[in-house]
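Contents: one structure, followed by commentary.
We did not get these values from a lab; they are worked out from the coordinates using the rules stated. Treat the numbers as computed from the prediction; the structure is a model and nothing was measured. FYI the Cβ positions are ideal-geometry reconstructions off the backbone, even for glycines, and counts take in every protein chain you see.
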Amino acid sequence: MELSRRKLFKIAGISAIGLNAKPVLSVFADVHGQTRTPDTKKDHDALTAKQWGLVIDTRKLKTSKDVEPLIEACHKIHNVPELKNERHEIKWIWDEPYQHAFPTKENKYLDDRVKNVPFPVLCNHCEDPPCVRVCPTNATFKRDDGIVLMDFHRCIGCRFCMAACPYGSRSFNFRDPRPFIAETNKKFPTRMKGVVEKCNYCAERLAVGQMPACVEASNGALIFGDLEDPNSEVRKVLKKNYTIRRKQGLGTGPSVYYIV
Amino acid sequence: MLELALKGDKKYWGWIVALLGVIGIGFACYLWQLKFGLGITGMSRDVTWGFYIANFTFLVGVAAGGVMVVLPYYLHNYKAFGKVTILGEFLAIGSVAMCILFVLVDLGQPMRVFNMFLHPSLNSVLFWDTVVLSGYFLLNVVIGWTVLEAERNAAPPPKWVKPLIYLSIPWAISIHTVTAYLYCGLPGKGFWMTAILAPRFLSSAFAAGPALVILLCLFIRKATHFDPGKEQIQSLAKIVAYAICINVFFFLCEVFVVFYSNIPEHMDHIKYLFVGLHGHGAYVPWMWASMILMVVGIILLVNPITRRNEGVLAVACAAVFVGTWIDKGMGMISGGFVPNSLHYVNEYIPSVPEVVIAIAVYSIGALIITVLYKIAVSVKIEVSG
């Protein structure tokens, strides 16, 4: 068969498009058919829920000193680097004053206590997370138990999720984070440059029956549990106290509640 | 036809070599960025998109703007534009190539870019933007090349290309609409959350794209033996005049809604850009410059006396181009991120390597457009002479 250069290019071009089309077409097929869910084996100690939620009792947090152990516990086990340059900062949980944690609930005449409360802020593990909606590769996704997770190996670093998150909960590795981790926890992966990361509600600890690290370090100020279970501790606390959430008017459905 | 790009005078080759030189320097900076990470740019945890995405957004507009040369010819049978449609199509190719490169250099893990097709998410506007941009690229390559080849052979273009041309017209609208949807559907980003964002993008696109085509036409007439035509340039100038007026009008609509409603989350971004916020105002002179340039553009383009003077017209087009570049580029992106979600004002200033990489991307675009225009102009001269 004689193949002109022109014909060869044509065939090569069409083949290249074809190779790309297959996975895209399978996604379209999934929308109508059944989605494939991979089998995972659960540890028999694993903690499970329909929708994990967190209640933060800020009455028990007086100064930044009270929040520090939470941050340290989290950042240490998750290999969160300590970068001096503020632009490149990575943080999963940190504290903010009222007007920055709740910028849409401005109040000029805030009482003295709330004015000084360090509000711990973290990923809200939204019911309807905008970050998951915008991710072009499904690198960030929502699990059946409500946890919004990241696949660090799939993330292409487009940072669309960071633009979409109305809480500024996500951090990007602007450089290799590994030299800035004081002590590496071998049980949790470190990240590479160019990917996004955030709080994972300690999914790796829940999987082996442990509570999230911040909850454990909080001396009872943080309560964690299943929001869908009326008998869970979080639901009992929510029933007894008035709570607020960050920017709930946006319809994201944050699963982190604050008792003020 | 490619061989036509290989026959040029000293100036042509000098320009090509100069572009390659700039591309080389930019590529070195990019290698540095690959090695270190995006930390060498001015971007931060708060302003996560910067100069790259700003230029990407603007250039999607330039690409879409090319359709303003194609549409009157094919839909309104405006014969005069037959002479210049190829310039619009080839400009679109170069612009879309730059867009794709700007997205690529912005990625933290560019080696994984094919994850977008291996694990596509139909909910993501970025996925759709990739689809429409690559589609528009292919359409223009196929259409531009086929029509030009037919012209060279003094034959009518093949019949199958006509439906593609008709398809390319709404497709041009789609690329900029989808690009606007990247921004305007994000909860909590008050500056972008406006239904008029896509129309705004399109109006500035239809100003910036044809303005650049005019400048290129004037250059081609001066540098080659091909004259794109006085009537063609004047018709394009009227298109730019309408589009830039609509663009400024849309912006004023925005200003009314934002300030009359008095909602802080929407106001603060515009305040930051035009008067500064909490003592930060790096963009204030830029934004006012942009407004002044666009208004100067309107005055010079609407007034027939100034519009008909081609020297003044060139100034007006340059003003419109730079004005919309500031407005839709840096203004649009930085303005959306400052103040941030927690209402802190952390400003963004692009770094030197970031700007160098961006200039190199522009140089690649210029190289593509130079080669394509060289071919197009050579064919035009060949046919007429």
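Some observations on this one:
- Cut-off under 5 Å, modelled amide H: who pairs with A:GLU96 long-range: A:PHE119, A:VAL121
- Sparse-neighbour loop sites [GluC sites (Glu not before Pro); region A:114-203; at most 16 other C-beta within 10 Å; DSSP]: A:GLU127, A:GLU183
- In region A:67-165, the chymotrypsin sites (Phe, Trp or Tyr not before Pro) that fall in loop regions by DSSP, at most 13 other Cβ within 10 Å: A:TYR109
- Placing +1 on the Cβ of every Lys and Arg and -1 on the Cβ of every Asp and Glu, with nothing else charged, gives the protein assembly as shown a dipole about its Cα centre of roughly 940 debye.
- Counting beta carbons within 10 Å around each of B:HIS280, B:HIS269 and listing the fewest first gives the order B:HIS280, B:HIS269.
- Long-range lysine pairs (8 or more apart or interchain), region A:58-109, Cα under 19 Å: 4
- Per-residue ellipticity at 222 nm computed for the protein assembly as shown from its helices equals -18000 deg cm²/dmol, with DSSP H segments shorter than 4 residues left out and the rest contributing -39,500 (n - 2.57).
- The GNM of chain B, with springs linking C-alpha atoms under 10 angstrom apart, assigns the highest mean-square fluctuation among B:VAL275, B:VAL257, B:VAL96 to B:VAL257.
- Ranking A:HIS78, A:SER169, A:THR48 by how far each Cα lies toward the positive end of the dipole of chain A (charges on Cβ) leaves A:SER169 at the top.
- Region B:166-198 and region B:116-133 have Cα centres separated by 15 Å.
- Panel order for B:THR130, A:THR137, by other beta carbons found within 10 Å of each beta carbon, from fewest to most: B:THR130, A:THR137.
- Each residue of region A:127-132 was assigned a 3J(HN,Hα) from its phi angle through the Karplus expression (A = 6.51, B = -1.76, C = 1.60, θ = phi - 60°), giving 5, 10, x, x, 5, 5 Hz with x at Gly and Pro.
- What separates the Cα centres of region B:283-353 and region A:65-88 is a distance of 41 Å.
- Cα-based reach from B:LYS11 at 29 Å (exclusive), listing lysines while leaving out same-chain residues under 8 positions away: B:LYS83, B:LYS222, B:LYS230, B:LYS374, B:LYS380
- 5 angstrom amide H check on A:TYR257, placed H, neighbours 5+ away: A:LEU54, A:VAL55, A:ILE56
- Neighbour counts of other Cβ atoms within 10 Å put B:HIS76, A:HIS44, B:HIS176, A:HIS153 in the fewest-to-most order A:HIS44, B:HIS76, A:HIS153, B:HIS176.
- Dipole moment magnitude, nearest 20 debye, chain B about Cα centre, only Lys, Arg, Asp, Glu C-beta charged: 760
- Size of charge dipole - chain A - debye, nearest 20, with Cβ of Lys, Arg +1 and Asp, Glu -1, no other charges: 880
- Rounded to whole Å, the principal axis extents of the Cα atoms in chain B read 65, 50, 40, largest first.
- When chain A is reduced to its Cα atoms, the Kirkwood hydrodynamic radius in Å: 20.5
- If R0 is 41 Å, the Cβ-Cβ spacing of A:ASP151 and A:GLN99 corresponds to a FRET efficiency of close to 0.75.
- Among A:ILE77, A:ILE93, A:ILE147: highest mean-square fluctuation, GNM of chain A, C-alpha pairs under 10 Å: A:ILE77
- Listed by chain and number, the aspartates and glutamates placed with their C-alpha closer than 15 angstrom to that of A:LYS186 are A:GLU204; residues fewer than eight positions away on the same chain are left out.
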